[in-house]
Amino acid sequence: MVLKQMGLLLKSKNFVLLIVVVFAFLLSRCNNEDKTTNPTAKVDTATCSSKTINPNGDSELALLMRKMIQSSASLKEMVKQGKLPEQFPEEFLKIHTAKPTNSDTKKASFDGFANNYIDNLNTLYHSPKQELTRNYNAVINSCISCHSEHCPGPIKAIKKLSITQ
Ligand code: HEC
């Protein structure tokens with residue numbers, strides 16, 4: 001009985017058409033999510049994600065990073081004048097849990113790099129005036145270390161944040 005109904009369904013042209021359409025849709029979605037097989041999904045050099053594979057906006061981690069680069073730019077100006085902001089930027093501790101654009105972006109070494117960055121940031125916020133520049137540059141170097149393995153795109157922009165002595 002069930003088989004007979006299935007047979008009838010399959011004979012219906014509309015049903016077959018529907019299946020074809022659904023498959024075509026699913027296939028096109030998979031291709032869009034696969035960077036390597038989709039030549040149009042170019043990786044933006046300013047980011048390590050692609051707008052094509054991330055149509056739903058920016059990831060939590062990407063947004064956090066954007067705050068980090070902005071904050072570093074103003075930190076650089078302050079350090080050059082021998083000053084520091086009063087508040088430690090607690091929100092950057094979220095680097096461990098913030099979700100990246102692609103779940104495979106955070107490799108096993110991510111947390112080690114993240115700890116190194118937080119440690120250097122802590123040292124900077126507790127450093128004596130004469131070591132501000134050195135400790136600030138150490139923070140920037142910890143951004144670069146993680147990026148060289150996880151997301152090389154923004155390295156050029158990050159390097160510009162170093163203070164040349
Ligand atoms: C522990 C690893 C790690 C550290 C440390 C790190 N980053 Fe990132 N950064 C990433 C990853 C991974 C992404 C990609 C996020 C995504 O695709 O969702 C990223 C993305 C970015 C982006 C691109 C954001 C966008 O618009 O899409 C910028 C800019 C950036 N980071 C700057 C910095 C700066 C500046 C520092 C240091 C103050 C820093 N990062 C420290 C791993 C790190």
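Read-outs: derived from the displayed coordinates by stated rules, not from any lab. Just so it is clear, the model here is predicted, and its values are computed rather than measured. Note: ideal-geometry Cβ built from the backbone for every residue, glycine included; neighbour counts use all protein chains shown.
A few notes on this one:
- Applying 0.36 nm per residue to the separation of residue 149 and residue 94 and subtracting their alpha-carbon distance, the gain on full extension is 17.8 nm.
- Size of electric dipole in region 81-158: Cβ of Lys, Arg +1 and of Asp, Glu -1, about Cα centre, debye, nearest 20: 180 debye
- Solvent-free Debye scattering, log10 I(q)/I(0), computed from the Cα coordinates of region 60-159 at q = 0.10, 0.11 Å⁻¹: -0.26, -0.31
- Computed over region 73-145: relative contact order in percent, which uses C-alpha pairs under 8 Å that are six or more apart: 35 percent
- For region 56-165, applying the loop criterion from DSSP together with a ceiling of 15 other beta carbons within 10 Å to the trypsin sites (Lys or Arg not before Pro) yields 83, 107, 160.
- Across the cross-link table entries 83/156; 76/160; 76/99; 76/159, which are compared at the Cα atoms, the separations over 21 Å belong to 83/156; 76/99.
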